[in-house]
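**Q** My questions all concern the structure below.
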């Protein structure tokens, strides 16, 4: 059992609509039916109209209930609103009108004559109960037996409402032509749902082939262009059915049709008191004289009940407007939040990029400083590994070289002729430090070369005449190059300073 307290607002509204359409007083059964169809109101209501969807005992109980309601409900055109009751399986009679059932005597008459007439009353009730019981089987036989058209025969199997609607339209146009109101192509419960959802008036038309007034009604009244224009202009949804069809037969029982052709105006009406809005029978039309007469009745319905439907439309439009506003506000909020988040993301990325750039700059600066330190260490190392200038008593070959340095100083030095060309590069590189040692009297000792370091000379040594650049990586010795041995004037061409 599902408690009403656990239902949300939409489920409670669906439950109220289901009970209004089916006139089901059993809340548990109604909830069970809706849960069976996953709270799909249209399918749940439609299942009530499907053949074989309810046990026979339940059908008979509903028939008794509808029969009781029919005794007290007015059968002529009425202005009283009535919520749509549940369709039953009791078929429409083969005759155009039902025999009137005896009314219960009033309380006053019963008090005066109860003693005299009670034996007759008991006899009458027994007789009437027997006739009612027999009429059910007779009535069912008249619907299920064969007719002039095989398409009209009613089967005990389930039938698609769409197929039934197409068959009704095909038979109708075959008999009465194609000029008629636009019939809704679907089941009765589907038409109810469309009218409820779109807040439209629904006009239910039921016809019986055995009724003498049916041909005139269909060929003269429903074929009226004036009527079709009126229905279209007022956006009235039209659903039609033949009572030989099981669904239409149940609808006739639901709407208490007593003669044919029969029509009823239905629409969603505003709630009364604590009850929810419900699909309500606004007017029953029985007996038609002309299209103008029918239009006049419809105009009266629109005048009486159009305001209520318009109020519901305004409320719906207001809800839609509020929902759109909420959606727009939510969208604006989410867009603003997204923009703020995007702005914060970019700012965070910029901050992270700045930090990374700072770290990279610090790393490169540290590399530069390390290279400078390693370069100085290597130059100190060169200053300790250079061979001393050959003395006057040196018996080997000597190359006398004159250097003009990048700062303009001129330096003359002797080198052993068998030294590689790189020896003069090492001298020029270490000369500033050698000069400092000479001036201060200090000298580095036991200096080791730096690790992970490849020295790069930032100058080249060239001979001006003829111009020649000496490769520091050359395998030649000084004496092998005639431009250097036994003497030469050389220029130290310093490269532009660049940071490592």
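The values are calculated or read from the model by the stated rules, or taken from the named source; none is laboratory data. Keep in mind that what you see is a predicted model, and the values were worked out from it rather than measured. With ideal geometry, Cβ positions are generated from the backbone for all residues, glycine too; neighbour counts draw on all protein chains shown.
**Q** For residue 421, state whether it is surrounded by 13 or more Cβ atoms within 10 Å (Cβ to Cβ), in contact (Cβ under 8 Å) with a residue 60 or more places away in the chain and more than 18 Å from residue 389 (Cα to Cα).
**A** On the way: surrounded by 13 or more Cβ atoms within 10 Å (Cβ to Cβ): yes; in contact (Cβ under 8 Å) with a residue 60 or more places away in the chain: yes; more than 18 Å from residue 389 (Cα to Cα): no.
No: the conditions fail for residue 421.
**Q** Looking at region 403-418, which of its residues are touching a strand residue (DSSP E or B) at 6+ places or on another chain (Cβ under 9 Å) and either touching a residue at least 24 places away in the same chain (Cβ under 8 Å) or not in a strand (DSSP E or B) (or both)?
**A** Keep residues of region 403-418 that are touching a strand residue (DSSP E or B) at 6+ places or on another chain (Cβ under 9 Å), which gives 403-407, 409-418.
The answer is 403, 404, 405, 406, 407, 409, 413, 414, 415, 416, 417, 418.
**Q** Can you pull out the residues in region 199-232 that are surrounded by fewer than 22 Cβ atoms within 10 Å (Cβ to Cβ), touching a residue at least 24 places away in the same chain (Cβ under 8 Å) and over 18 Å from residue 260 (Cα atoms)?
**A** Listed by number, the residues that qualify are 199, 200, 224, 225, 226, 227, 228, 230, 231, 232.
**Q** Give region 467-488 a look and list any residue that's part of a loop (DSSP other than H, G, I, E, B) and either under 13 Å from residue 401 (Cβ atoms) or within 60 Å of the chain's Cα centre (by Cα) (or both), or say none.
**A** Step one: filter region 467-488 for residues part of a loop (DSSP other than H, G, I, E, B), giving 471-476, 478-486.
Residues satisfying the conditions are 478, 479, 481, 483, 484, 485, 486.
**Q** Within the bounds of region 373-383, is there any residue that is over 24 Å from residue 495 (Cβ atoms) and either assigned by TED's automatic domain parsing to the domain that holds residue 461 or assigned to a helix (DSSP H, G or I) (or both)? Explain how you work it out, then say what you get.
**A** Going through region 373-383, the residues over 24 Å from residue 495 (Cβ atoms) turn out to be none.
No, the conditions are met nowhere in region 373-383.
**Q** What number of residues within region 435-451 satisfy the criterion of being free of Cβ contacts under 8 Å to residues at least 24 places away in the same chain and surrounded by 12 or more Cβ atoms within 10 Å (Cβ to Cβ)? Write out each step before concluding.
**A** Going through region 435-451, the residues free of Cβ contacts under 8 Å to residues at least 24 places away in the same chain turn out to be 435-436, 438-442, 451.
Now restrict to residues that are surrounded by 12 or more Cβ atoms within 10 Å (Cβ to Cβ): 435-436.
Qualifying residue count for the region: 2.
**Q** Now, a different point. Suppose the filter is surrounded by fewer than 13 Cβ atoms within 10 Å (Cβ to Cβ), modelled with pLDDT of 90 or more and closer than 30 Å to residue 364 by Cα; does residue 454 pass it?
**A** Numbers: surrounded by fewer than 13 Cβ atoms within 10 Å (Cβ to Cβ): yes; modelled with pLDDT of 90 or more: yes; closer than 30 Å to residue 364 by Cα: yes.
Yes.
**Q** With touching a residue at least 40 places away in the same chain (Cβ under 8 Å), surrounded by fewer than 16 Cβ atoms within 10 Å (Cβ to Cβ) and under 27 Å from residue 479 (Cα atoms) as the only criterion, which of 467, 400 stands out?
**A** Values: 467 fails: touching a residue at least 40 places away in the same chain (Cβ under 8 Å).
After ruling out the rest, the residue left standing is 400.
**Q** Then there is this: Conditions first: (1) in a helix (DSSP H, G or I); (2) surrounded by fewer than 11 Cβ atoms within 10 Å (Cβ to Cβ). Residue 391 passes all but one, so which condition is the exception?
**A** If we test residue 391 against (1) in a helix (DSSP H, G or I); (2) surrounded by fewer than 11 Cβ atoms within 10 Å (Cβ to Cβ), just (1) comes out false.
**Q** Given the options 292, 263, 278, name the one that is more than 41 Å from the chain's Cα centre (by Cα) and assigned by TED's automatic domain parsing to the domain that holds residue 166.
**A** 292
**Q** Given (1) surrounded by 10 or more Cβ atoms within 10 Å (Cβ to Cβ); (2) within 30 Å of residue 42 (Cα to Cα); (3) out of contact with any strand residue (DSSP E or B) (no Cβ under 6 Å at 6 or more places or on another chain), identify the lone condition not met by residue 273.
**A** Condition not satisfied by residue 273: (1).
**Q** Can you tell me which of (1) over 38 Å from the mean Cα position of the chain (by Cα); (2) farther than 20 Å from residue 283 by Cα is the one residue 247 doesn't meet?
**A** (1)
**Q** For residue 235, state whether it is outside any strand (DSSP E or B) and surrounded by fewer than 23 Cβ atoms within 10 Å (Cβ to Cβ).
**A** On the way: outside any strand (DSSP E or B): yes; surrounded by fewer than 23 Cβ atoms within 10 Å (Cβ to Cβ): yes.
Against the criterion (outside any strand (DSSP E or B) and surrounded by fewer than 23 Cβ atoms within 10 Å (Cβ to Cβ)), residue 235 qualifies.
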